[in-house]
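The block underneath contains the structure these notes are about, expressed in structure tokens.
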Amino acid sequence: MLIIDRLEGTFAVCEWEGGSMKPFPKSKFLPDAIEGGCYRKDGDFFLLDEAETARRRKENAALFDKVFGKAK
């Protein structure tokens, strides 16, 4: 699994589970390359794992609220 850290031009800079960073062409991500999206390799492409992306976003939002308080 990898997570898109940021988009730069035609590339998605990704973090692998081990923490290493590597750019890939945005065209390799299906349906689209989105920052913070979690993807699994499938042949020559990366497919969005919607459930894992949603789980991580919820977890990050809870941590943000804990550290900074809920937005008003």
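The values are calculated or read from the model by the stated rules, or taken from the named source; none is laboratory data. These numbers were taken from a predicted model, which means no experiment stands behind them. Note that each Cβ is placed from the backbone with ideal geometry, even for glycine, and that neighbours are counted across all protein chains shown. These accessible areas exclude ligands, DNA and RNA; they are computed on the full protein's heavy atoms, side chains included. Shrake-Rupley method; radii C 1.70, N 1.55, O 1.52, S 1.80 Å.
Quick one: count up the residues across segment 43-61 that are open to solvent by 90 Å² or more (accessible area, probe 1.4 Å) and closer than 17 Å to PHE24 by Cα. It would help to see each step written out before you state the result.
Of segment 43-61, the ones open to solvent by 90 Å² or more (accessible area, probe 1.4 Å) are 44, 50, 55, 57-60.
Next cut, closer than 17 Å to PHE24 by Cα only: 44.
Of the residues in that region, 1 qualify.
Sort out which residues of segment 30-42 are within 11 Å of the chain's Cα centre (by Cα) and either surrounded by 12 or more Cβ atoms within 10 Å (Cβ to Cβ) or among the β-branched types (Val, Ile, Thr) (or both), and write them in order of number.
Scanning segment 30-42 gives ALA33, ILE34, GLY36, GLY37, CYS38, TYR39, ARG40.
What's the total number of residues in segment 1-21 that are open to solvent by 70 Å² or more (accessible area, probe 1.4 Å) and in contact with a Leu (Cβ under 8 Å, 6 or more places away or on another chain)?
3
What number of residues within segment 42-57 satisfy the criterion of being touching a residue at least 24 places away in the same chain (Cβ under 8 Å) and not in a helix (DSSP H, G or I)?
2
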